[in-house]
Amino acid sequence: AIAGGIATELKGAIKVVDVTVAKYTAYFIIPKDFVKFNFTFAPMWVDQYIRIILSESVAFGLEKTIVSGDGKEQFIGMTMDTSATVDGKYSQKAAVAIQNFDEDYTDVIATLAKDDNGDDRDISEVLMVVNPQDYIKKIRRIQHTLIYGTGAVDLINNTYPTKVVKSSMVPEGKAAVGIAENYFAAINGGTSGIIEYDDSNQFLEDNRIYTMRLYGNGRPVDNTSFAYLDISGIQPPALPVLIKGGSITTKTAATAESKG
């Protein structure tokens, strides 16, 4: 009623999340002669090369911990089970085996559409991270399947809008899929990524040490934001075959190849 009092109290639980900053470091040791008196390569070129290597090393480590970090002084990876921890470490989720990117795939996506409280949420697009080998052998073939009369069709996106990213941090035969914006990552921009060098630490060895640090932490927002998939059993898509003077029949890729 218009004149009625406020009758319902909204209740909820506040989850305490540990976002203690972790430090990732990389270092490179090089004789000072290479960066001061190298006549083959300019000292400036050597210095730049080292900085690129350090940057790539930090990116490599960051990628690894985002995919499968165990949470022990590092990020909690998107493939980890965040519901329980043992000695500060999280274990990897059991991989869900799928045989196709049709019903099996949508069944997995449906589990992401409910949060930890069991409430529904809308998912406009999912992120799938796969090994480069699987992308070449499986994913790309499925994304560029020739369907008679329509040209190339992306069967994965036809099932559900999916952005595919390649990462060697994901083992072959596996894939991570989830809601990209539900991975929380915080990087200290003020002090992270700065490359420094020191000539005194190994003075007697006449070496210069370059170092780079990155401070931050990250984790999935909840345990249902990402799923870990076993895609080793994914079969090549069926290929339509046009028989001249006849009708269209469908054969598997393996059968089509064996028949020439």
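The values are calculated or read from the model by the stated rules, or taken from the named source; none is laboratory data. Note that this is a predicted model, so its numbers are computed, not measured. Cβ sites come from the backbone with ideal geometry, for glycine too, and all protein chains shown count toward neighbours. When the accessible area is computed, the model is the full protein with side chains, heavy atoms only, and any ligands, DNA or RNA have been set aside. Shrake-Rupley method; radii C 1.70, N 1.55, O 1.52, S 1.80 Å.
For the chain, the fraction of 1.4 Å probe accessible surface lying on carbon and sulfur atoms is 55 percent. Over the stretch 59-179, accessible surface divided per residue gives 53 Å², non-protein components excluded, 1.4 Å probe. A viscosity of 1.002 mPa s and a temperature of 20 °C, combined with the Kirkwood radius over Cα pairs in Stokes-Einstein, give a translational diffusion coefficient for the stretch 62-208 of 118 µm²/s.
Work the Kirkwood hydrodynamic radius out for the stretch 1-130: mean of 1/r over every pair of different alpha-carbon atoms, inverted, in Å. About 20.1 Å for the stretch 1-130.
Only DSSP H runs of four or more residues enter the estimate; each adds -39500 (n - 2.57), and after division by the residues of the chain the mean residue ellipticity at 222 nm equals -6000 deg cm²/dmol. When Rg and the Kirkwood radius Rh are both evaluated on Cα atoms of the chain, their ratio Rg/Rh stands at 1.13. Under a straight-distance cross-link criterion of Cα-Cα below 23 Å, which lysines are reachable from Lys93, leaving out those fewer than 8 residues away in the same chain? Of all the lysines, those that pass the test against Lys93 - Cα under 23 Å, at least 8 places apart if same chain - are Lys15, Lys64, Lys72, Lys114, Lys138, Lys163, Lys166, Lys174. Estimated at 0.36 nm per residue, the fully extended path between Glu56 and Val96 surpasses their Cα-Cα distance by 11.2 nm. Note on the chain: with charges restricted to the Cβ of Lys and Arg (+1) and Asp and Glu (-1), its dipole about the Cα centre is near 760 debye. Each residue, Lys15 and Glu73, gets one label point 7 Å from its Cα in the Cβ direction; the gap between the two is 2.6 nm. A simple spin-label model places pseudo-atoms 7 Å from Cα toward Cβ; at Thr85 and Ser167 they are separated by 2.0 nm. Electrostatic tally near Asp154: other residues with Cβ closer than 12 Å to its Cβ, Lys and Arg +1, Asp and Glu -1, net +3.
When peptides 62-72, 98-108 are ranked by their average number of other Cβ atoms within 10 Å per residue, the highest-first order is 62-72, 98-108. Annotation: aspartates and glutamates with alpha-carbon distance below 13 angstrom to Lys23 (same-chain offsets under eight excluded): Glu73. Segment Ala152..Glu63, full-extension length gain: 28.9 nm, with 0.36 nm per residue of separation and the alpha-carbon distance subtracted.
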